[in-house]
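Participant: Please find one structure pasted underneath; my questions will follow.
Each reported figure results from applying straightforward, stated rules to the coordinates on display, with no laboratory input. Quick caveat, the model's predicted, so the values are computed rather than measured. Don't worry about glycine lacking a Cβ; one is built from the backbone with ideal geometry, like all the others, and counts go over all protein chains shown.
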Amino acid sequence: MNVQVTQPAIGLDGIPAAITALSLVDGLKGELIIAGAAVEALAKTHSFEETAIQLWQIADSAAAAVEAAQFGAFRVSAFAQAQTICPSLTHLAPIDGLRAGIAALDIPDGPDAALAITAALPVLVMTLEALRAGKTPLAPDPTLSHAADTLRQLRGTAPSEAEAKALGAYLTTVSDHGMNASTFACRVIIATRASLVSAVTGAYAALSGPLHGGAPGPVLDMLDEIGGEQNIAPWIAEALEGGGRLMGFGHRIYRTRDPRADVLKAALGELAPSNPRLDFALKVEREAQAQLAARHPGRKLDTNVEFYTALLLDALGIPRTLFTPMFAIGRVAGWTAHAIEHHARRGRLIRPEAIYDGARP
Ligand code: ACO
């Protein structure tokens, strides 16, 4: 007899898969705590390097502390590896090139592995980007902050302080977020005692889908497609009528506004107070919220982090093809911290079950 599955869409909602001190997502209150601080405060007070170090220390308080200044030296070592890894990957789209680049990293497990992998991500992204454009990749400047050097490697010139601050706030804001799909993937892989590079490769693969970290590029595509103010309401109505999902709206956990959206909106306001794309996006946001509320009265579908990620990264001159890789440059701090925490707490193999509703002999 087949088992009747009454819940048609099993997504492990509400089932704890780990115990963690790294971050807390309170979906009902719309609160996010990372490394013991509210995300709104953390994005103002902590650089990305400080946030990552704090996450790693919380994950394993017995581990030797890393210093922020070490990130630069590790970016320089990653650049040497990137010169051999990246030339054969330029045929891939940036989102896929990074996946292959992470998988090819030669970083053995050990006390420095989390720092080495975290430092390598922007270097891989920017080396690939330069090679794709037929340019000579720019070596990292170890004296700059992680955010500033990432922008410098992309553009060839150092960014302004305000730009580096805005990107730093973004990286900190997305550094960790509870048991999201990519972090869960990372935990599943590390729990098999696979290497940290393997766990981060798998986590990135999970991040790359449009229902997770692949949404911000399509957010800009959506704004471009809508085009003008007069098209906003009919475009959204037609998209929803056709069963489409509006990119940058809705969240599995938040039943109210995603607090990260407001942190990034504030960072964008500081960086580019008069921004025509932002004005237009605000109108799209209002109309989308109204139409989603009318169609789903029992399910609050509000703006998520990806909507303002798209606007902030666009204002920083980052091409939309790099939006998901940029997300990974921040989230890798959380992935590696979860992997460290899993082992520090002697985590078990993660092995759930499936409800079988197939034929029996
Ligand atoms: N646009 C239109 N309808 C939506 C949206 C949306 N953005 N989000 C949810 N819905 C609808 C669903 O179609 C569903 O309708 P139905 O009941 O008629 O079938 C209903 O709202 C309930 O949605 P769920 O499937 O329960 O939402 P779920 O928790 O599975 O999905 C998700 C969350 C994937 C983020 C979803 O809201 C979505 O696809 N959003 C657009 C993509 C996006 O912005 N992704 C980035 C998320 S943030 C991040 O991961 C960093």
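Participant: Taking the Cα centre of the chain as origin and charging only Cβ (+1 Lys, Arg; -1 Asp, Glu), how large is the dipole, in debye to the nearest 20? Walk me through the numbers before you get to the answer.
Facilitator: Numbers: 30 positive and 36 negative charges, 146 e Å.
The calculation lands at about 700 debye.
Participant: Rounded to the nearest 500 deg cm²/dmol, what is the calculated helix-only ellipticity per residue at 222 nm for the chain, with -39500 (n - 2.57) per DSSP H run of length n ≥ 4? Provide the component values of the computation, followed by the final result.
Facilitator: Numbers: 15 runs with 198 residues, N = 361.
After summing the helix terms and dividing by residue count, I get -17500 deg cm²/dmol.
Participant: About its Cα centre, how strong a charge dipole does segment 206-361 have in debye, to the nearest 20, once Lys and Arg get +1 and Asp and Glu get -1 at the Cβ? Each step should come with its number before you reach the end.
Facilitator: Values: 19 positive and 18 negative charges, 196 e Å.
With only Lys, Arg, Asp and Glu charged at Cβ, the dipole is about 940 debye.
Participant: Let me ask you something else. What whole-number distance in Å separates the alpha-carbon centres of segment 302-342 and segment 63-126?
Facilitator: 16 Å
Participant: Working out 0.36 nm times the residue gap between Thr90 and Ala133, then minus their Cα-Cα distance, what length gain in nm do you get to one decimal?
Facilitator: On the way: separation 43, 0.36 × 43 = 15.48 nm, distance 0.92 nm.
Working it through step by step, the gained length comes to 14.6 nm.
Participant: If R0 is 41 Å, what FRET efficiency do you get for His343 and Ser274 from their C-beta distance, rounded to 0.05?
Facilitator: Numbers: r = 49 Å, r/R0 = 1.19.
Approximately 0.25, to the nearest 0.05.
Participant: In the Gaussian network model of the chain, springs joining C-alpha atoms below 10 Å, which of Gln230, Gln83, Gln54 carries the largest mean-square fluctuation?
Facilitator: Most flexible of the set in this elastic network: Gln230.
Participant: Are any of the pairs Lys44/Lys283; Lys44/Lys135; Lys165/Lys300; Lys165/Lys283 more than 29 Å apart by Cα-Cα distance, and if so, which? Intermediate results must be reported in sequence, preceding the final value.
Facilitator: Details: Lys44/Lys283 27 Å; Lys44/Lys135 35 Å; Lys165/Lys300 32 Å; Lys165/Lys283 27 Å.
Pairs exceeding the cut-off: Lys44/Lys135; Lys165/Lys300.
Participant: Moving to a separate point now. What number comes out for the charge environment of Asp224, summing +1 per Lys or Arg and -1 per Asp or Glu over other residues with Cβ under 13 Å away?
Facilitator: On the way: positive: Arg277, Arg320; negative: Asp221, Glu225, Asp314.
Neighbourhood net charge equals -1.
Participant: I need to check one value: relative contact order of segment 215-331, counting alpha carbon pairs closer than 8 Å and at least 6 residues apart, in percent. Walk me through the numbers on the way to the answer.
Facilitator: Values: 120 pairs, mean separation 48.6, N = 117.
Value for segment 215-331: 42 percent.
Participant: For labels at Arg252 and Ser195 in the simple 7 Å Cα→Cβ model, what's the distance in nm?
Facilitator: For the pair Arg252/Ser195, the computed spacing is 2.8 nm.
Participant: Separate question: Using a 10 angstrom cutoff on alpha carbons, build the Gaussian network for the chain and name the most mobile of Asp26, Asp176, Asp109.
Facilitator: So, out of Asp26, Asp176, Asp109, the one fluctuating most is Asp109.
Participant: Give me the percent relative contact order of the chain, please, defined on Cα pairs under 8 angstrom at least 6 residues apart. Don't jump to the answer; show the numbers that get you there.
Facilitator: Details: 548 pairs, mean separation 95.3, N = 361.
Reported as a whole number, the value is 26 percent.
Participant: Of the candidates Asp302, Asp112, Asp60, which one comes out as most mobile in a Gaussian network treatment of the chain with C-alpha springs shorter than 10 Å?
Facilitator: Highest fluctuation of the listed residues: Asp112.
Participant: How far apart, in nanometres, would the label points at Glu50 and Glu31 be if each is projected 7 angstrom from Cα along the Cα-to-Cβ direction?
Facilitator: In this crude label model, Glu50 to Glu31 measures out at 2.2 nm.
Participant: Another question about this same structure. I want to check the label-to-label distance for Gln83 and Ala290. Put each point 7 Å from Cα in the C-beta direction and report it in nm to one decimal.
Facilitator: According to this spin-label approximation, the distance is 5.8 nm.
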